[in-house]
Amino acid sequence: MQNLINSKNIPWEDAKPMWERLSAKWAQGIPNGGTVNVYLNNPSTSSIWDTIERPILESKGVNFIFR
């Protein structure tokens, strides 16, 4: 998706909702109680990880391995 955004010069305010939908679908697809490797270094509290993915995964009892 990043290639599409870059090639079309889509501004972040338009791209963000696309990323949020994609990220939510990804998080919903992780099995309950599963494990996810997280490769982030000090993400912003307003990041898609903290506002979309993490809450969904936590509600599903997913374990995190921070790398």
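The values are calculated or read from the model by the stated rules, or taken from the named source; none is laboratory data. Predicted, not measured: the structure shown is a model, and the values here were computed from it. Backbone-built Cβ (ideal geometry, glycine too); neighbour counts: all protein chains shown.
Observations
- Per the conditions (1) under 12 Å from the mean Cα position of the chain (by Cα); (2) surrounded by fewer than 10 Cβ atoms within 10 Å (Cβ to Cβ), the sole criterion not satisfied by Val38 is (2).
- Among the residues of segment 39-53, those identified as closer than 12 Å to Ala27 by Cβ and touching an Asp or Glu at 6+ places or on another chain (Cβ under 9 Å) are Ile48, Thr51, Ile52.
- Picking from residues in segment 12-67 that are acidic (Asp, Glu) and at pLDDT below 95, the one that is nearest to Met1 (Cα to Cα) is Asp14.
Residues are listed down the side, and each one gets a yes or a no for (1) assigned to a loop (DSSP other than H, G, I, E, B); (2) loosely packed, with under 11 Cβ neighbours inside 10 Å:
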| residue | (1), (2) |
| --- | --- |
| Ile5 | no, no |
| Pro17 | no, yes |
| Ala24 | no, no |
| Ile30 | yes, no |
| Ser44 | yes, yes |
| Arg54 | no, no |
| Glu58 | no, no |
| Gly61 | yes, yes |
